[in-house]
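The values are calculated or read from the model by the stated rules, or taken from the named source; none is laboratory data. Note that this is a predicted model, so its numbers are computed, not measured. All Cβ positions, glycine included, derive from the backbone under ideal geometry; neighbour counts span all protein chains shown.
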Amino acid sequence: MNSGQFMVRKVKFMAGQLTTAAGFLVLLSSSCLVALLWKSKKRHVPGKDLYLYLIQLLSLALSSYLVKNTHSSLESKQGLPLINQVMSWTTLASSLIVPLLSSTVLFLRLLSIFLSLMSTYLLLSTGYEALFPPALTLLMFVWITMEQEARKSYGVSLKPKLAALSFSHTADITEFRQLHVGDIRRSFFYVFFIVTAFFGTGNIASINSFDPASVYCFLTVFSPFMMGGLLLWKIAIPFLLVSCAFEAVQVTTQLSSKRLFLIVLVISDIMALHFFFLVKDYGSWLDIGTSISHYVLVMSFAIFLMLLSGLSQLLTTKRLELWKRTKRHSL
């Protein structure tokens, strides 16, 4: 074995270790949170929701194992095991359904969304990018807590405390407060975090820059449309985490989502106007094409945010009831 092959194997080994470490850190921290919820289940959390979180923790641990086992099987030239492929697709299909079964209490629903999306993200990770969603989620938690404290400066006080706030309360609020200067800051932070999620794991302006090993847990046969769809979903997961946190900020500040989102659209239009004046019709073809692509990308940014907002509202406010209580009538 020459030095080049040794370095390649060493890099792949370190990348696999980072993915496993990310899964272990998320599993450890989430287990501590679920343990705390278990102690207070009589006051805040129903028992059926706690069992759902335990299932999600098992799914997260299984995803970490599948990544390690799949890459080990491929390195030994044994191919992708069928059971690993079935479990990977099952985890992906359930990532948007399982959170809808959890409670709509703010932090409980956000925890369920994070665990489901993180399980899928681990299956699509090959190295250091697996550490990005946990770091981004921690930053979102700090942002929500900061906005909860900042709203007190306006004399706004919600009846439920932060630990008892629910996404379903937005449907019960008939009168929202007026806009303040601080709402511009909240909208700007949202746009800033979306851009951070865009460039957080490297240059994702081109799908060709991704390593095909990202989809080896799902398929090993070349399929451009399937592989492209999986990579696009991997890109969208950090965006979805930021958008769900933005929905939580709207609940904590008792502000209509339409009003706050209009400020976001105004900021995106200002960005588009800025790049419009930077469009060049002279110079090299590279400069002209780059300036036009930047303008088109920012123009489509508003449409993307609208679709993202609709998906995040669906994930945070809706709930599927599978355990409906039936009343027994005595004869």
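The table below lists the values:
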{"read-out": "Restricting region 79-104 to residues that are of a type in the set (S, T, N, Q) and either in contact with a Pro (Cβ under 6 Å, 6 or more places away or on another chain) or at pLDDT 85 or above (or both), the residue that is surrounded by the most Cβ atoms within 10 Å (Cβ to Cβ)", "value": "S88"}
{"read-out": "Residue ID - surrounded by the fewest Cβ atoms within 10 Å (Cβ to Cβ), chosen from residues in region 273-318 that are of a type in the set (D, E, K, R) and more than 18 Å from the chain's Cα centre (by Cα)", "value": "D281"}
{"read-out": "Residue in region 183-199 that is exposed (fewer than 14 other Cβ atoms within 10 Å of the Cβ) and modelled with pLDDT under 80 present", "value": "yes"}
{"read-out": "Pairs where the first residue, in region 216-240, is surrounded by fewer than 15 Cβ atoms within 10 Å (Cβ to Cβ) and the second is at pLDDT below 85, C-beta under 7 Å, 6+ apart", "value": "G228/I207"}
{"read-out": "Top-ranked residue of region 5-35 - restricted to ones that are of a type in the set (F, W, Y) and more than 19 Å from the chain's Cα centre (by Cα), ranked as modelled with the lowest pLDDT", "value": "F6"}
{"read-out": "Only one of L54, L92, L82 that is free of Cβ contacts under 8 Å to residues at least 12 places away in the same chain and either at negative phi or touching a Lys or Arg at 6+ places or on another chain (Cβ under 6 Å) (or both)", "value": "L82"}
{"read-out": "Unmet criterion (only one of (1) within 30 Å of Y190 (Cα to Cα); (2) free of Cβ contacts under 8 Å to residues at least 40 places away in the same chain; (3) crowded, with 18+ Cβ neighbours inside 10 Å) for F107", "value": "(2)"}
{"read-out": "Qualifying residue in region 114-135 (condition: loosely packed, with under 15 Cβ neighbours inside 10 Å and either more than 24 Å from Y216 (Cα to Cα) or touching a Gly at 6+ places or on another chain (Cβ under 8 Å) (or both))", "value": "yes"}
{"read-out": "Residue check, V249 in contact with an Asp or Glu (Cβ under 8 Å, 6 or more places away or on another chain), in contact (Cβ under 8 Å) with a residue 12 or more places away in the chain, of a type in the set (A, V, I, L, M) and not in a loop (DSSP other than H, G, I, E, B)", "value": "yes"}
{"read-out": "Hey, L255 modelled with pLDDT under 85 and surrounded by 17 or more Cβ atoms within 10 Å (Cβ to Cβ) or not", "value": "yes"}
{"read-out": "Residue among S268, S309 that is among the hydroxyl-bearing types (S, T, Y), more than 23 Å from T137 (Cβ to Cβ) and not in a loop (DSSP other than H, G, I, E, B)", "value": "S268"}
{"read-out": "Qualifying residue in region 218-227 (condition: more than 26 Å from M140 (Cα to Cα), at pLDDT 85 or above and not in a helix (DSSP H, G or I))", "value": "yes"}
{"read-out": "Residues of region 256-289 satisfying the condition of being within 17 Å of T317 (Cα to Cα) and touching a Phe, Trp or Tyr at 6+ places or on another chain (Cβ under 6 Å)", "value": "S256"}
